[in-house]
1. So what are the chain's ellipsoid semi-axes, whole angstrom, largest first, if each one is the square root of 5 times an eigenvalue of the alpha-carbon gyration tensor?
2. Run the dipole for the chain about the Cα centre, Lys and Arg Cβ at +1, Asp and Glu Cβ at -1, nothing else charged, and hand back the magnitude in debye, nearest 20.
3. Work out the length of the dipole vector of the range 228-383 about its Cα centre, built from +1 on the beta-carbon of each Lys and Arg and -1 on the beta-carbon of each Asp and Glu, and round it to the nearest 20 debye.
4. Return the aspartates and glutamates within reach of residue 221: Cα separation strictly under 16 angstrom, same-chain partners fewer than 8 residues apart disregarded; answer none if there are no such residues.
5. Could you report the chain's accessible area per residue, 1.4 Å probe, as an integer in Å²?
6. Under 18 Å from a label point 7 Å along Cα→Cβ of residue 202: give me every residue in the range 373-387 with its amide N that close.
7. I'd like the FRET efficiency for residue 169 and residue 189, computed as 1/(1 + (r/R0)^6) with the beta carbon distance as r and R0 of 30 Å, rounded to 0.05.
8. Run through the range 1-37 and list the trypsin sites (Lys or Arg not before Pro) located in a DSSP loop whose Cβ has at most 16 other Cβ atoms within 10 Å.
Amino acid sequence: MIDLVQLRREPDVVMTALRRRGVDRAVLEEIVALDLEHRRLLHETEALRAAVKELSRQVGDARRNGDLDRAETLSATSRDTGDQERRANEATELVATKLRDMVLLIPNVPDARVPDGIDETGNVEVRRWWPGMDGGAPFPVFGEHQRVPHWEIGESLGILDLATGAKIAGSMFPLYRGGGSRLLRALSSFSLDRQRDAYEEIRPPTFALTETMMSTGHLPKSADDMYAIERDGLWAIPTSEVPLTSLHRGEILDESSLPLRLTAQTQCFRREAGAAGKDTRGVLRVHEFEKVELFAYCTPEQADDAFNDILTRAEGLLRELGLTYRLLTLCTGDLGTASAYTIDLEVFSPGVDRWLEVSSVSWFRDFQARRANVRYRRSDGATALVNTVNGSALGWARVWAALLETYHQVDGSVVLPEVLAPYMGGDATIR
């Protein structure tokens, strides 16, 4: 959630920043008014509660002194004041609920580095990398055998079975076989091993409570994109960012433990609402996929280093895999609800002749921590909200596709990078 204290103190600053994200000033002004009314009602309720307590004390004193008439008069006043306190409390709760419902739909304040834009066309390319670039090699020219889409390669090698996946679970639930399945397992093991020096590996649940989903900002705004298990009050997670953010929900961490770095490999589920007809061939847009996530709780002062560390690690994996990629700074119109600043990593996949997003590295300031109530105790004894940072390392469905297309050989085989050989039984070739 945005910081209501900051909105009170710097309304023009916050409103101007959020206008860049399309938030109507009138909505924020209503939130300010509701916040003011909520605080007034709280003060009124507390004053009435204190008055009831004082009247109860006076009633007791009067009875102990034998002044029954005064005790009865005070009791009547106490009952009337108590009724006022209950009405004020109900009004307070109604305003608090309306205020919270409105605030939960307000996106994070964008960082000054975020460019303006209405959608992905406003994203700004930062840089590109390709094998040999550092030695002066030009942008790669891909052969005709690499211009074959991954679904055709996967079918010819018997490693991607979209028809059977659809028979089992419906469209956009791919089924991988043999070398295709081993490749997915290899990629996750490869990535997790590269993070062992600094990130604690976590194996979280694949399902989450509504409160857990609220903490990251996925709910309520993105409910249509999530899979709900209504009978049990659970949601299938769209990313392990969700459980990792709530790992220390409601806790106070020691500043000396920060940054606290975590990683997890999970299945991820997204309904892709509104995506009908887009990228439905192959595995470019699927309902279920595997992903390794990197996550950090940190202080505001540590946020830049935490962000750059995750970005560097995601880039490092792509370089080890020898995939051509680019970095994009997301504009205000493409920024996720909870994010203050995001850089996307996109690989070039020659078979579909497209850049494919495989990671988003994001800094959330204290937006998620305020929802999850994750704090840290500073050296001066005061507590403050942590900052959260996360990024994928990486999302495997599209990396899988790019690897098949990039390393497709004239004879139809796929010769994968040698770094994957130890994770594929020593043989990095799929025939």
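1. 53, 22, 20
2. 420 debye
3. 360 debye
4. 101, 211, 272, 334
5. That works out to 47 Å² per residue.
6. 373-377, 385-387
7. Working: r = 25 Å, r/R0 = 0.83.
Once rounded, the FRET efficiency stands at 0.75.
8. Numbers: sites: 8, 9, 19, 20, 21, 25; in loops: 20, 21.
Passing sites in the range 1-37 do not exist.
The values are calculated or read from the model by the stated rules, or taken from the named source; none is laboratory data. Only a predicted model underlies this, so the values are computations on that prediction, with no experimental measurement involved. Cβ sites come from the backbone with ideal geometry, for glycine too, and all protein chains shown count toward neighbours. Keep in mind that these areas ignore ligands, DNA and RNA; they rest on the heavy atoms of the full protein, side chains included. Shrake-Rupley method; radii C 1.70, N 1.55, O 1.52, S 1.80 Å.
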